[in-house]
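Student: This is the structure I have questions about; it appears just below.
The values are calculated or read from the model by the stated rules, or taken from the named source; none is laboratory data. These numbers come from a predicted model, not from an experiment. Methodologically, a virtual Cβ is constructed for each residue, glycine included, from the backbone with ideal geometry; neighbour enumeration extends over all protein chains shown. Side chains are part of the model used for accessible areas, which takes the heavy atoms of the whole protein and leaves out ligands, DNA and RNA. Shrake-Rupley method; radii C 1.70, N 1.55, O 1.52, S 1.80 Å.
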Amino acid sequence: MMDSEHGTTVNMASSEADEEPQPGDLIEIFRPAYQHWALYLGDGYIINLTPVDESQAAAVSSVKSVFSRKAVVRMQLLKEVVGGDSYRINNKYDDSHTPLAVSEIIERAQLLIGQEVSYDLLGSNCEHFVTLLRYGEGVSEQASRAIGAISLVTAAASAFSVLGLINTRSRNRPF
């Protein structure tokens, strides 16, 4: 499937990419319930956040990292991290954020390999991490959508609570 704005989606189990990732590219990996993000370093390697306990398989590790408060920066082969899932090159913020020089992106990434970092699904996730490396600023549309959904649910719950309170008061009136 080709998306002209965001690149080519590749299923590692069935095909090869028409477009090869270049050093500094953002890689969006499609997991069953969410997207995992990595930054392409070159020669088939990416840098990404993984759970502190690395003994689990890549896909399971990524699921575990969603609920963790700490992560480790690791350099891994793209094909091993993707496994049977699909991915695409997705430098989607290039229109609104200027990428740093590729040499600076790679240098910054290499300095972080093996480091343990804080992880927060909404404020410091894998997408924030790789966009911070590419642009010098952490950005996550995925987190923004989640915060928006949480806000909507909270507002709806508040509205229903107020409506229930008003309805209860009107039923309890003696007249």
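Student: Give me the helices (runs of 4 or more DSSP H) completely within the stretch 1-117, filtered to those with at least 1 residues that are within 20 Å of THR131 (Cα to Cα) and modelled with pLDDT of 95 or more, ordered by residue number.
Tutor: 78-82, 102-112
Student: Every residue in the stretch 77-96 that is open to solvent by 40 Å² or more (accessible area, probe 1.4 Å) and not basic (Lys, Arg), please.
Tutor: Residues satisfying the conditions are LEU77, GLU80, GLY84, ASP94, ASP95, SER96.
Student: OK, next. Restricting attention to the stretch 67-93, report how many residues are among the hydrophobic types (A, V, I, L, M, F, W, C) and in contact (Cβ under 8 Å) with a residue 60 or more places away in the chain.
Tutor: Selection size over the stretch 67-93: 2.
Student: For the stretch 134-149, does any single residue satisfy the condition of being among the basic types (Lys, Arg) and either open to solvent by less than 30 Å² (accessible area, probe 1.4 Å) or modelled with pLDDT under 70 (or both)?
Tutor: Taking every residue of the stretch 134-149 in turn, at least one turns out to be among the basic types (Lys, Arg) and either open to solvent by less than 30 Å² (accessible area, probe 1.4 Å) or modelled with pLDDT under 70 (or both).
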